[in-house]
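**Student:** First the structure, then my questions, so here it is.
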Amino acid sequence: INSLAMAPIRHIYEFEDLLSEKLYNLDGLEFARNTGASAYQSDDAFFSVDGFLYDRCCVVANGKDFYEQVLKDPEKMPKDKSFGALLRIASLAYKHKTGKELEYVPAFNYETYSNKEGWKNAG
């Protein structure tokens, strides 16, 4: 957070855009089916969309190599692990730098079910 806050503001926006892209790429049925006890079962069973977002954050927080492994093999999704705090880094850095709230729409919508292609076989 501190390093990002010391960088130019455009780096905060770039961070948010890159994070949104990574999370969007992991938004799909095969990833959701491999998250552990709260994994997606069917449209009729409870599935936490927020929990799945935080699970995807865990993948990104574990670095480029792990992210690429999971992207290629959804069975490598961390089981029952999440890291929702990753979503607050850009806003905290911006607040630290400017004293204002971050009002920015990232390049990709990373909310669960936003990647229509990733969910096309759900049901």
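The values are calculated or read from the model by the stated rules, or taken from the named source; none is laboratory data. Keep in mind that what you see is a predicted model, and the values were worked out from it rather than measured. Glycine also receives a Cβ, built like all others from the backbone with ideal geometry; neighbour counts cover every protein chain displayed. With ligands, DNA and RNA removed, areas are computed over all heavy atoms of the protein, side chains included. Shrake-Rupley method; radii C 1.70, N 1.55, O 1.52, S 1.80 Å.
**Student:** Please list, in order along region 73-79, the HN-Hα scalar couplings obtained from phi with the Karplus expression 6.51 cos²θ - 1.76 cosθ + 1.60 (θ = phi - 60°), rounded to whole Hz, x for Gly and Pro.
**Tutor:** Values, residue by residue: 9, x, 5, 8, 3, x, 8 Hz.
**Student:** With everything on Cα atoms, drop me the angle between helix 89-98 and the longest principal axis of the chain, reported from 0 to 90° to the nearest 10.
**Tutor:** The angle comes out at about 10 degrees.
**Student:** If you roll a 1.4 Å probe over region 39-80 with all protein chains in place, what percent of the accessible area is carbon or sulfur? Write down the numbers at each step before the final one.
**Tutor:** Values: 1120 of 2430 Å².
Percent of accessible area from carbon and sulfur atoms in region 39-80: 46.
**Student:** A further question follows. For the chain, give the magnitude of the charge dipole about the Cα centre (Cβ charges: +1 Lys/Arg, -1 Asp/Glu; no others), in debye to the nearest 20. Before the final figure, lay out the partial values.
**Tutor:** Working: 15 positive and 19 negative charges, 82 e Å.
So the magnitude is around 400 debye.
**Student:** Once the dipole of the chain is set up with Lys and Arg at +1 and Asp and Glu at -1 on Cβ about the Cα centre, which of ASN121, ALA93, ASN34 lies farthest towards its positive end?
**Tutor:** Working it through, the farthest residue towards the positive pole turns out to be ALA93.
**Student:** Using modelled amide H (1.01 Å from N, peptide plane; none on Pro or chain starts), what sits under 5 Å from the amide H of ARG33, excluding residues fewer than 5 places away?
**Tutor:** Residues meeting the criterion, in which the H sits 1.01 Å from N, are TYR40.
**Student:** Once you keep just the Cα pairs under 8 angstrom separated by 6 or more residues, what percentage relative contact order results for the chain? Before the final figure, lay out each step's value.
**Tutor:** Working: 171 pairs, mean separation 50.3, N = 123.
About 41 percent, as a whole number.
**Student:** Take the alpha-carbon centre of region 90-112, take the same for region 21-60, and report the distance between them in whole Å.
**Tutor:** 22
**Student:** Calculate for the chain the 222 nm mean residue ellipticity that helices alone would give, adding -39,500 (n - 2.57) per DSSP H run of length 4 or more and normalising by residue count, nearest 500 deg cm²/dmol. Mind showing how you got there, number by number?
**Tutor:** Values: 6 runs with 58 residues, N = 123.
That calculation yields -13500 deg cm²/dmol at 222 nm.
**Student:** Quick one: how many lysine pairs in the chain have C-alpha atoms under 24 angstrom apart, if they're 8 or more apart or on different chains?
**Tutor:** Lysine pairs, 8 or more places apart or on different chains, close enough: 20.
**Student:** Where only protein heavy atoms count, and the probe is 1.4 Å, what is the accessible area per residue for the chain in Å²?
**Tutor:** Working: 7280 Å² over 123 residues.
Each residue of the chain exposes 59 Å² on average to a 1.4 Å probe.
**Student:** Now a separate question. Any chance you could run the full-extension gain for SER114 through ASP44? It's 0.36 nm times the residue separation minus the Cα-Cα distance, nm to one decimal. Can you show the working numbers first?
**Tutor:** Details: separation 70, 0.36 × 70 = 25.20 nm, distance 1.90 nm.
So the extension gain works out to 23.3 nm.
**Student:** Quick one: work out Rg over Rh on the C-alpha atoms of the chain, Rh as Kirkwood radius.
**Tutor:** Here the Rg-to-Rh quotient is 1.01.
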